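Chemist: Can you keep this structure in mind? I'll have questions shortly.
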Amino acid sequence: LSTIFTRMSEATRLEQSLASVEREHFDLAEVVRGCVEGYRLAHRDRQFVFDAGAGLFPLNGAPDLVAQMLDKLAANAVEFSAPDSTIRFELRREASSARLSVFNAGPLLPAGMQDRLFESMISVRDKPSQAEPHLGLGLYIVRLIAEFHGARATARNRDDGSGVEICIEFPLAVNPTA
């Protein structure tokens, strides 16, 4: 019950605090790079790769919230991948947006779940094999943080059938020095 309460409280606190978060200009690539370095240390049984296109990826928002979002994405990728597999973070510029993708090798998403994964209390985990209760709040928190940044979160099975891609498409800051 304590675990359930803690996880539900995290989502509720985030929902309530987003209205008062101070926005600042920051480089998304710098935040992702720093977080991926931390995941390499925390999850030595996985290979974390970060590939960013050239240049800056200026955002207007909260870098600490983006780091929290990345933590949820990394935890999800670790949970749904095998030891010694690669988890790839990729950042690309597309016109006036930054596309952050997280790829992991592992089980595919069940049909019809791609659009529902970011809802509260939705999970595609195998319930009997879980050591502790899972509430399906991690990707819901990802969605809340993405929306705070004017971004959209999507999930899909990889084209080659080897796993899943979670993608967050952020609008780039128009004038990052203002």
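The values are calculated or read from the model by the stated rules, or taken from the named source; none is laboratory data. Predicted model, so just to flag it, every value in this text is computed and none were measured. No Cβ is skipped: glycine too gets one built from the backbone with ideal geometry, and neighbour counts run over all protein chains shown. For the accessible areas, the whole protein counts, side chains as well, though only heavy atoms, and no ligand, DNA or RNA atoms are used. Shrake-Rupley method; radii C 1.70, N 1.55, O 1.52, S 1.80 Å.
Chemist: Taking the full set of protein chains and a 1.4 angstrom probe, give the accessible area of residue 137 in square angstrom, rounded to the nearest 10.
Modeler: Surface open to solvent at residue 137 totals about 20 Å².
Chemist: Mind listing which trypsin sites (Lys or Arg not before Pro) in segment 37-98 are in a DSSP loop and have 15 or fewer other Cβ atoms within 10 Å?
Modeler: 44
Chemist: Enter the accessible area of residue 166 (Å², nearest 10), with the probe set to 1.4 Å and all protein chains included.
Modeler: Residue 166 exposes around 10 Å² with every protein chain in place.
Chemist: While we're on this one: If Lys and Arg each add +1 and Asp and Glu each add -1, what is the summed charge of the other residues whose beta carbon sits under 13 Å from the beta carbon of residue 60? Walk me through the numbers before you get to the answer.
Modeler: Numbers: positive: 23; negative: 22, 24, 27.
Neighbour charge sum, excluding residue 60 itself: -2.
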